[in-house]
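Read the structure below first, then the notes.
Values in this text are rule-based calculations from the coordinates and carry no lab data. The shown structure was predicted, so the numbers you read here are calculated from the model rather than taken from an experiment. Note that each Cβ is placed from the backbone with ideal geometry, even for glycine, and that neighbours are counted across all protein chains shown.
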Amino acid sequence: GAGVSQSPRYKVAKRGQDVALRCDPISGHVSLFWYQQALGQGPEFLTYFQNEAQLDKSGLPSDRFFAERPEGSVSTLKIQRTQQEDSAVYLCASSRGGVWETQYFGPGTRLLVL
Amino acid sequence: GDSVTQMEGPVTLSEEAFLTINCTYTATGYPSLFWYVQYPGEGLQLLLKATKADDKGSNKGFEATYRKETTSFHLEKGSVQVSDSAVYFCALGNTGNQFYFGTGTSLTVIP
């Protein structure tokens, strides 16, 4: 079956622009995670959804970051007024359950802010 | 808070050598522990996991045992192959909804 997909795969933004990153999880997966991965580092947790409810957003680095999953399926991570330090790979993962379950990762969106 | 500490790489081994990648964790309660792997040009995927103390996760010849007394989850393989070249991430999930990854260990296996 289809895995997790993310779009766009690459995004170049000028500093100060707003960007929106999309994640299509595996159908039927209740949980959805967003991570930020800097070059040479492990993924850093950003936020977690269970269906449409955002149960944890403690990892979002600033109020410029906003995530939503309005119908409990597709999710969008929005970054307002992008800064150079936002340059990273943004990973989305979905699972059948919570943090104890296997997560299935998308290919990521590589964001470069100039 | 919870965290994972993973041995730094990169690691270079000859084919058929023994592999150990160390991972220790800090957590309250009873977390689940994972090893994820990222092969070149591919996305992260689960390699193995263990959900309680003394459990052993295994897959593709890799093993890791959940040791609560030493708060460790070291990854081992008896005989590595060139195809095992990848970046390996130790990870932890606990009560609450956050998930923690180590910094990753790059493994290169040479023929």
Next item on the list: Scan around A:Ala13 for amide H atoms under 5 Å from its own, H built in the peptide plane at 1.01 Å from N, and keep only partners 5 or more places away or cross-chain.
Entry: A:Leu112, A:Val113, A:Leu114
Margin query: Using a 7 Å offset from Cα along Cα-Cβ at A:Lys57, what residues in region A:75-114 end up with backbone N under 14 Å from the label point?
Written below: A:76-80
Check: How large is ³J(HN,Hα) for each residue in region A:83-92, as worked out from phi by the Karplus curve 6.51 cos²θ - 1.76 cosθ + 1.60 (θ = phi - 60°), to whole Hz, x for Gly and Pro?
Finding: 10, 4, 5, 7, 4, 4, 9, 9, 9, 10
Notebook entry, point to check: With θ set to phi - 60° and the Karplus curve 6.51 cos²θ - 1.76 cosθ + 1.60, what are the ³J(HN,Hα) couplings of region B:19-25 in order, to the nearest whole Hz, using x for Gly and Pro?
Noted result: 10, 9, 10, 7, 9, 10, 9
Item checked: Set of region B:72-111 residues, backbone N closer than 13 Å to the point 7 Å along the Cα-Cβ line of B:Glu16 -> B:79-82, B:111
Check: Relative contact order of region A:1-94: what whole-number percent is it, with Cα pairs under 8 angstrom and at least 6 residues apart?
Finding: 36
Margin query: Below 8 Å, C-alpha to C-alpha, sequence gap of six or more: please give me the relative contact order for chain B in percent.
Written below: 37
Notebook entry, point to check: What residues qualify as long-range amide H neighbours of B:Asp55, i.e. H under 5 Å apart, gap of 5 or more or another chain, H built at 1.01 Å from N?
Noted result: B:Tyr66
Check: Using θ = phi - 60° and the Karplus curve 6.51 cos²θ - 1.76 cosθ + 1.60, what whole-Hz ³J(HN,Hα) does each residue of region A:5-14 get, with Gly and Pro shown as x?
Finding: 10, 9, 8, x, 6, 9, 9, 10, 10, 7
Check: Any idea how many Lys pairs in the protein assembly as shown come in under 17 angstrom at the alpha carbon, given 8 or more places apart or on separate chains?
Finding: 10
Item checked: Diffusion coefficient, µm² s⁻¹, Stokes-Einstein with Kirkwood Rh over alpha-carbon pairs of chain A at 20 °C and 1.002 mPa s -> 154
Next item on the list: Calculate the spin-label point distance for B:Ser83 paired with B:Glu8, positioning each point 7 Å from the Cα along the beta-carbon direction, and give it in nanometres.
Entry: 3.3
Note to self: Within 10 Å of each Cβ in B:97-106, how many Cβ atoms from other chains are there, averaged over the peptide?
What the structure shows: 6
